[in-house]
1. Return yes or no: is D178 in contact with a Lys or Arg (Cβ under 9 Å, 6 or more places away or on another chain), open to solvent by 50 Å² or more (accessible area, probe 1.4 Å) and in contact (Cβ under 8 Å) with a residue 40 or more places away in the chain?
2. Go through the stretch 149-175 residue by residue and tally those that are open to solvent by less than 10 Å² (accessible area, probe 1.4 Å) and of a type in the set (K, R).
3. Can you pull out every residue in the stretch 50-86 that is among the acidic types (D, E), more than 23 Å from N182 (Cα to Cα) and open to solvent by less than 50 Å² (accessible area, probe 1.4 Å)?
4. Exactly one of (1) within 17 Å of N157 (Cβ to Cβ); (2) open to solvent by 60 Å² or more (accessible area, probe 1.4 Å); (3) in contact (Cβ under 8 Å) with a residue 60 or more places away in the chain is unmet by F89. Its number?
5. Within the stretch 13-69, how many residues are of a type in the set (S, T, N, Q), out of contact with any Pro (no Cβ under 7 Å at 6 or more places or on another chain) and within 18 Å of R152 (Cα to Cα)?
6. It is to be established whether one or more residues within the stretch 27-40 are open to solvent by 40 Å² or more (accessible area, probe 1.4 Å), touching a residue at least 60 places away in the same chain (Cβ under 8 Å) and among the hydroxyl-bearing types (S, T, Y).
7. Checking the condition modelled with pLDDT of 95 or more, among the acidic types (D, E) and farther than 16 Å from L132 by Cβ, which residue from D91, D77, D36 passes?
Amino acid sequence: MRYTAIYPCKPAIYLQQGENRGSVDWSRYEAVALSDTVTGLAAKEATDVRACWSAECFYVQFVCRDSHIVSEYRHRDDPLYEQDVVELFMDEAGEGLEYIELEVSPNNVVFDARIRNDGQKSITDSDVEWDLAGLLTTVENDGKGNLVYEIRIPAQNFHNPPQAGRSWNVNFYRIDEDAQGNREYQAWSPTGEVNYHIPSRFGKLEFVDAT
């Protein structure tokens, strides 16, 4: 399998003072930009993603320029993908047959499921009743026109948890609707069509021990 994107995922470094004690110091990590998933061109509203890991948790941050928010859902596992949302797909085995889908809305509503795929581009089963244990998500406006999403997933949720030398197949996504009702589908590793469930187009996240 050929990967179009590789992300060297470094160990978590934390802020150590005041109310931020225990929070990840995201300034230490290089961001990757999402692009239009069909064309691969720059997104209309920029999205930067960072990730890091510890023995206890996997962390992801999305910073999304967002001039028009469409987000009405209020309950876990609502169809968030019908409105504005950020998404993370994680294939621990790297076989393209089963992966975790996690979505977070601008209102900090979560959709999480275990997905089975035919290995090509079709979902064969979706276990929406399954929930990530101990998941913590936040969404904040930074006052500069950006929504900042932070995700913390405890390592206990993974069969192949973060560890230096290991890797997962992953993709980072965003769906963004403008004031005219036009929807843009963004991806870290573009899929070439409006379909995020194409495992062969996932990128590779490599857990490294460098700081």
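The values are calculated or read from the model by the stated rules, or taken from the named source; none is laboratory data. Quantities reported herein were computed from a predicted structural model and do not represent experimental measurements. Backbone-built Cβ (ideal geometry, glycine too); neighbour counts: all protein chains shown. The area values use the complete protein model at the heavy-atom level, side chains included, leaving out ligands, DNA and RNA. Shrake-Rupley method; radii C 1.70, N 1.55, O 1.52, S 1.80 Å.
1. no
2. So the count comes out to 1.
3. Residue satisfying the conditions is D77 alone.
4. Looking at each condition in turn, F89 falls short on (2).
5. 5
6. yes
7. D36
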